[in-house]
């Protein structure tokens, strides 16, 4: 292990560098680490690279060709093993979910060195096997598990009794957001906003579309703009048509600068089935735009101060969400009060604060080993 912190060599492991809160977290942290004088590498397994990042990129998929999946897996494993051995990272921070136990067991215990695993979802079995024996087997050599919310940390402690668990929030770069949030967007008029991946129905855009369509907003010519892409996108476009809101619900897909949309929205709405630490809420508040969210098990209640920077809505209660949407539009005093409190309530997520917590963690791991 290196003695001078500025010589740390760090690998940030993601599936992509786009379309997700965990991936944006990795990209934001890379800027901080590089500014500390660290050597930073992004190990990307597949997919697009759209987020702004610092450091070098190793894109595994670009080094593997051919249609035979077994051969491709073997090639990728060989390349990965060689890469990690040659680079000899001080820390490998993994942001990925764990879908294939045997693959991840080999990577964790035979390829990674000084492995730190981040947990970004309340759905723990995306990262940790429900079987406690397998869970301990997978993470037996992991230096630290990082929960991105206090709720996730507590849930892991209760369900798995892991000792090497620590909580660090995802970071927000306020300075960068302030530089780009006032850029123009391809829309004129009043709107509310939602954002997220459409590859799975975790964000429950069907709930959102139904609640919006039954609210008073369409009659007031307040549009709903949804940012994000994925295989379910056409389903949501069809649903908007079926509920008679084809002209009022606008699907923008993935946009280069979502912060310009956050800053111009009246408010942002989150109707997720479950979350870890929903970055859409933090990013909206960073742009001084208040938020509404289902109070799902972890995440929203650590971000939203009810009636101070937004509204927490009874979990999965559509009628309550419709009422909250109407209230936030019609009660101007409440809305302005929440809007004025947005940035002051999320200072703890500022990248400098979060980055320093990572530096303290590296020092702690170093001292323990």
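The values are calculated or read from the model by the stated rules, or taken from the named source; none is laboratory data. Model, not experiment: these values are computed from the prediction. Backbone-built Cβ (ideal geometry, glycine too); neighbour counts: all protein chains shown.
For segment 303-336, name all the residues that are within 26 Å of residue 149 (Cα to Cα) and surrounded by fewer than 19 Cβ atoms within 10 Å (Cβ to Cβ). Correct list: 305, 306, 307, 308, 314, 315, 316, 317, 318, 320.
Quick check: anything in segment 302-322 within 16 Å of the chain's Cα centre (by Cα) and in the same structural domain as residue 260 (by TED's automatic domain parsing)? Taking every residue of segment 302-322 in turn, at least one turns out to be within 16 Å of the chain's Cα centre (by Cα) and in the same structural domain as residue 260 (by TED's automatic domain parsing). Each residue in segment 192-216 was checked for being without any contact (Cβ under 8 Å) to a residue 60 or more places away in the chain, touching a helix residue (DSSP H, G or I) at 6+ places or on another chain (Cβ under 7 Å) and not in a loop (DSSP other than H, G, I, E, B), and 2 pass. The strands (runs of 3 or more DSSP E) falling completely within segment 35-140 that include 3 or more residues that are touching a residue at least 40 places away in the same chain (Cβ under 8 Å) and in contact with a helix residue (DSSP H, G or I) (Cβ under 9 Å, 6 or more places away or on another chain) map to 91-94, 115-119.
Residue-wise test of (1) surrounded by fewer than 18 Cβ atoms within 10 Å (Cβ to Cβ); (2) over 28 Å from residue 347 (Cα atoms); (3) at pLDDT 95 or above.
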position: 144; (1), (2), (3): no, no, yes
position: 153; (1), (2), (3): no, no, yes
position: 169; (1), (2), (3): no, no, yes
position: 180; (1), (2), (3): yes, no, yes
position: 183; (1), (2), (3): yes, no, yes
position: 187; (1), (2), (3): yes, yes, yes
position: 194; (1), (2), (3): no, no, yes
position: 209; (1), (2), (3): no, yes, yes
position: 221; (1), (2), (3): yes, yes, yes
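Of all the residues in segment 217-227, those that are over 17 Å from the mean Cα position of the chain (by Cα) and either under 21 Å from residue 284 (Cβ atoms) or in a loop (DSSP other than H, G, I, E, B) (or both) number 7.
State which residue is nearest to the chain's Cα centre (by Cα) when the search covers only segment 152-162 and only residues that are farther than 11 Å from residue 121 by Cβ and assigned to a helix (DSSP H, G or I).
If we take residues in segment 152-162 being farther than 11 Å from residue 121 by Cβ and assigned to a helix (DSSP H, G or I), then 153 is nearest to the chain's Cα centre (by Cα).
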